[in-house]
1. Kindly list, by first and then second residue, each pair from a residue in segment 115-134 that is on the phi > 0 side of the Ramachandran plot to a residue that is within 15 Å of the ligand (Cβ to nearest atom) and open to solvent by 20 Å² or more (accessible area, probe 1.4 Å), limited to pairs with Cβ atoms under 7 Å and residues at least 6 apart or on different chains.
2. Any idea which residue in segment 1-24 is modelled with the lowest pLDDT, counting only those that are closer than 16 Å to Thr233 by Cβ and out of contact with any Lys or Arg (no Cβ under 8 Å at 6 or more places or on another chain)?
3. Yes or no: Ile21 among the aliphatic types (A, V, I, L, M), buried (at least 21 other Cβ atoms within 10 Å of the Cβ) and in a loop (DSSP other than H, G, I, E, B)?
4. Search segment 150-179 for residues being in a strand (DSSP E or B) and among the aliphatic types (A, V, I, L, M), and hand back the single one that is farthest from Leu115 (Cα to Cα).
5. Criterion first (buried (at least 22 other Cβ atoms within 10 Å of the Cβ) and either within 23 Å of Ile21 (Cα to Cα) or not acidic (Asp, Glu) (or both)) does Ser188 satisfy it?
6. Would you check if Asp146 is on the phi < 0 side of the Ramachandran plot, at pLDDT 95 or above, surrounded by fewer than 20 Cβ atoms within 10 Å (Cβ to Cβ) and within 14 Å of the ligand (Cβ to nearest atom)?
7. Out of Glu204, Glu136, Glu228, Glu174, which single residue is closer than 20 Å to Arg95 by Cβ and charged (D, E, K, R)?
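The values are calculated or read from the model by the stated rules, or taken from the named source; none is laboratory data. Note that this is a predicted model, so its numbers are computed, not measured. Positions of Cβ are generated from backbone atoms using ideal geometry, with glycine treated the same way; all protein chains shown enter the neighbour counts. Side chains are part of the model used for accessible areas, which takes the heavy atoms of the whole protein and leaves out ligands, DNA and RNA. Shrake-Rupley method; radii C 1.70, N 1.55, O 1.52, S 1.80 Å.
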Amino acid sequence: MKIIASNFKTNHTRKTTNSFITNLNDFLQSTNINNEVYIFPPATALDSFDTVSNLSIGVQNGYFTKNGSFTGEIGTDQIEEFGIKTILIGHSERRHILGEDQKTIALKYNYYKALGYKIIYCIGEPLEVKQSGLTETLGYIWEQFDGIDLNYENLILAYEPVWAIGTGISATIEDIATIHKKIKKKISKPLLYGGSVKLANIQEILNIPNVDGTLIGTASWQIDDFKEMCKITNNIN
Ligand code: PEP
């Protein structure tokens, strides 16, 4: 059973998130699609959504605290107000644009792990690393596991090469197959691929060995496209 996840990033309002999730939930219910589906809305749009059991709402980020003085951040008091127990950690935009280092990421990981959250943990190399070769790429990825307990039962991994995120250019089938095989050999956790997944390529990507699902940004923000990708994901089972 494949997994499909949508990262809204800094897109959608409270109003449009609500109609997206309501529409998606009705669709999943009426079509009997039973894949694991995750939606990560912006923090301002979090709410207590009444969803089917296979649709989970998660946070794109959370600080390693219950509450306190961390201006601009949210902690578990704010997250759990809505019954949310799913978090995205290590996304490349947080690593490379917001400047989160591995030490901070590991602190977050361990905090949310101790609370039993489902964690989608992202890894992936920038273009210059990819261009230096497979050994360097794998070395870079392994370092992104520093301080991360890979035996954690509620862990899902997402391989997202930085150069493929939001660029419209997905990694090639061969690249995905190679990296996923290497990661899976070391870590037996569900492994998603992310990086310009869209209607035109999702089926092909889901059929690659060791790809357990997809994490989608840009192409998931339109409800009709996302529903179509849920259908395709369901048909791969
Ligand atoms: C992402 O944000 O995790 C992502 C993969 O984005 P996009 O699909 O836009 O490349």
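1. Listed pairs, sorted by first residue: Gly124/Val162.
2. Met1
3. On the way: among the aliphatic types (A, V, I, L, M): yes; buried (at least 21 other Cβ atoms within 10 Å of the Cβ): yes; in a loop (DSSP other than H, G, I, E, B): no.
When the stated conditions are applied, Ile21 does not pass them.
4. Narrowing segment 150-179 to residues in a strand (DSSP E or B): 155-159.
Now drop any that are not among the aliphatic types (A, V, I, L, M), which leaves 155-158.
Numbers: Leu155: 13, Ile156: 16, Leu157: 18, Ala158: 21 Å.
Among them, the one singled out is Ala158.
5. No, not satisfied.
6. Values: on the phi < 0 side of the Ramachandran plot: yes; at pLDDT 95 or above: yes; surrounded by fewer than 20 Cβ atoms within 10 Å (Cβ to Cβ): yes; within 14 Å of the ligand (Cβ to nearest atom): no.
So Asp146 fails the test.
7. None of the other options fit; the residue is Glu136.
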